[in-house]
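Some notes on the structure that comes next.
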Amino acid sequence: MKELLDPYLPDINAPFDQLLEGMLAFISDQRKCLESLILNPDVGGFECCRFNTRTWDGVIQKIYEIARHRIQAEPDIAIYAVGSYGRLELCYYSDVDMVYTSSVDLEAVYDEKTLELIRLFYDFIDGFSDAIRGLKCSFFYRPFVDIDRWNYRDITALIDMRFLAGDDCLTTTLKNTVRSRRYDISIVLDLLKAKEEGIQESDDTIYLNQP
């Protein structure tokens with residue numbers, strides 16, 4: 001899918017504003033196609049979700065390609081889709097949620113090349129959120145060297161994790177680290193407690209809580 005972006009980005013060395021404009025034009029055209037699919041009675045909902053997922057996969061992978069070209073290095077980073085995006089269930093108004101990790105704590109070990117790549121990602125994501133009505137993108141840092149301080153939400157988010165770009169070797173290391181640190185029932189108890197608290201806090205709502 002990211003190859004479809006090439007006509008929109010004829011020069012990846014162009015200034016950021018031009019690259020963002022090209023990305024937004026591509027996303028706009030893809031969303032128009034998605035709208036047509038949604039209105040087509042012969043196209044199923046999951047097919048629409050997969051189309052939207054592939055669109056954003058192409059966008060994220062293209063941003064990574066541009067950023068890597070700019071820094072002229074292989075950064076110590078891996079980027080993952082999570083939530084509905086990770087499950088290939090990205091609806092028209094779904095949030096585009098991503099996490100990224102590295103083999104070292106980037107807040108403790110200064111790596112200018114990797115940080116430059118990350119800053120460019122945030123610039124693009126902010127530009128998308130500002131320009132596309134109703135769109136919310138998130139891009140969170142989760143260093144697995146801090147696994148002991150992860151909460152249950154961080155850990156269970158890995159269930160839907162899907163690799164997008166970067167160093168795929170980090171995926172195996174990340175999963176093995178999680179398995180070696182949190183393997184008991186405590187995480188289930190944490191989730192049940194959070195659900196109970198959520199229901200208690202919204203007991204007067206007119207909406208039905210998920211079980």
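The values are calculated or read from the model by the stated rules, or taken from the named source; none is laboratory data. The shown structure was predicted, so the numbers you read here are calculated from the model rather than taken from an experiment. Methodologically, a virtual Cβ is constructed for each residue, glycine included, from the backbone with ideal geometry; neighbour enumeration extends over all protein chains shown. Just the protein is used for accessible areas: all its heavy atoms, side chains included, with ligands, DNA and RNA removed. Shrake-Rupley method; radii C 1.70, N 1.55, O 1.52, S 1.80 Å.
What the table below lists for this structure:
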read-out: Accessible area per residue, Å², the stretch 1-154 with all protein chains present, probe 1.4 Å; value: 51 Å²
read-out: Percentage relative contact order, the stretch 14-159, counting C-alpha pairs under 8 Å, at least six apart; value: 23 percent
read-out: For the stretch 101-109, 3J(HN,Hα) per residue [Karplus equation, 6.51 cos²θ - 1.76 cosθ + 1.60, θ = phi - 60°, Hz, x = Gly/Pro]; value: 9, 8, 6, 10, 7, 5, 7, 10, 10
read-out: Range of Cα positions in the stretch 42-89 per principal axis (Å), largest first; value: 45, 19, 8
read-out: Aspartates and glutamates whose Cα lies under 16 Å from that of residue 193, excluding same-chain neighbours fewer than 8 positions away; value: 154, 184, 201, 203
read-out: Spin-label pair residue 123/residue 197, simplified geometry with 7 Å Cα→Cβ offset, distance in nm; value: 3.9 nm
read-out: Where only C-alpha atoms are counted, convex hull volume of the stretch 1-93 per residue in Å³; value: 98 Å³
read-out: Packing rank of 108-120, 82-94, where each peptide gets the mean count of other beta carbons within 10 Å, highest leading; value: 82-94, 108-120
read-out: Over the stretch 19-92, relative contact order from alpha-carbon pairs under 8 Å, at least 6 apart, %; value: 39 percent
read-out: Rounded percent of accessible protein surface that carbon and sulfur make up, the stretch 1-49, 1.4 Å probe; value: 57 percent
read-out: Potential extension, residue 33-residue 71 segment - 0.36 nm per residue separation minus Cα distance; value: 10.3 nm
read-out: Residue 156-residue 112 pseudo-label distance in nm [points 7 Å out on the Cα-to-Cβ vector]; value: 4.3 nm
